[in-house]
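Inspection log for the structure reproduced underneath, given as structure tokens.
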Amino acid sequence: MHPILLCSIIMLTIVIERTAYFLRIRSANIPHHFALIEHALLKKNFKETQEIIEGLSGPIAHILHVGLKTPEETIEVIEENMAIAGEQMAREAAKGVSLLALIPSVSTLLGLLGTIIGLSLAFKKVAGFEGQVSPVLLASGIWVSLITTVAGLSVAISGLIAHHFIQNRVSRLTFEIEHFGSRLLLLLKKTKPYDQSTKKTAPLNPEYETSDFNLISPERNP
């Protein structure tokens with residue numbers, strides 16, 4: 001019973017902490033504010049866009065801020081920065097979920113272990129008793145079997161429900177981060193003042209990108 005009780009305490013701790021986390025990061029009506037951001041970007045009013053984002057909070061607002069804080073960068077760099085930030089927020093949202101998923105299985109097995117131990121105690125008493133066996137001798141062992149089974153299954157069922165709830169919130173948040181991040185990237189591609197693909201980039205090693213250097217020249221590579 002003590003390990004089952006420990007599992008229940010861990011489960012309650014994770015559920016309370018994750019529920020408080022999702023309540024804390026809950027944002028206002030993101031689709032409405034994103035429509036305002038989209039309208040401002042299409043007008044190339046970046047100042048208004050920054051003001052809208054500064055009034056928001058939460059992971060989605062953070063991913064939008066990451067995408068717009070360096071407008072001078074190329075789309076590829078902005079996309080990588082947003083991907084890194086999105087992975088960090090998704091990992092933070094899923095904190096403790098893997099441990100919560102383990103609790104139902106462990107609790108069920110602990111309940112089954114208690115059942116076996118209780119029956120073993122009961123039959124041990126019967127084996128050591130000479131003469132007529134009284135039901136009273138089996139009562140204590142069977143009681144141990146039943147109470148541990150009930151406790152283990154109760155914690156396991158509660159853990160499954162809690163895990164489904166938390167995992168659903170994590171999946172929803174991850175989807176919203178990817179969804180609004182992709183929409184922002186599409187808007188940035190439409191509103192960039194020049195074609196990023198035509199921007200001349202500095203060579204990785206200028207010595208090897210001059211007209212005098214020929215990799216397959218017979219003089220340099222006999």
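Just a few scattered comments:
- So ALA101, is it within 25 Å of the chain's Cα centre (by Cα), modelled with pLDDT of 85 or more, within 30 Å of GLY159 (Cα to Cα) and crowded, with 19+ Cβ neighbours inside 10 Å: no
- Any hit, the range 42-55, residues being surrounded by 14 or more Cβ atoms within 10 Å (Cβ to Cβ) and touching a residue at least 40 places away in the same chain (Cβ under 8 Å): no
- Residue match in the range 63-80 (condition: within 25 Å of the chain's Cα centre (by Cα), in contact (Cβ under 8 Å) with a residue 60 or more places away in the chain and within 30 Å of THR115 (Cα to Cα)): no
- Single residue of the range 18-30 satisfying the filter (modelled with pLDDT of 80 or more and surrounded by fewer than 13 Cβ atoms within 10 Å (Cβ to Cβ)) that is farthest from TRP143 (Cα to Cα): ARG24
- Residue match in the range 50-59 (condition: modelled with pLDDT of 80 or more, under 21 Å from the mean Cα position of the chain (by Cα) and part of a helix (DSSP H, G or I)): yes
The values are calculated or read from the model by the stated rules, or taken from the named source; none is laboratory data. Every value quoted in this text rests on a predicted model; they were computed, and no experiment measured them. Cβ coordinates were reconstructed from backbone atoms using ideal geometry, including for glycine residues, and neighbour counts include every protein chain displayed.
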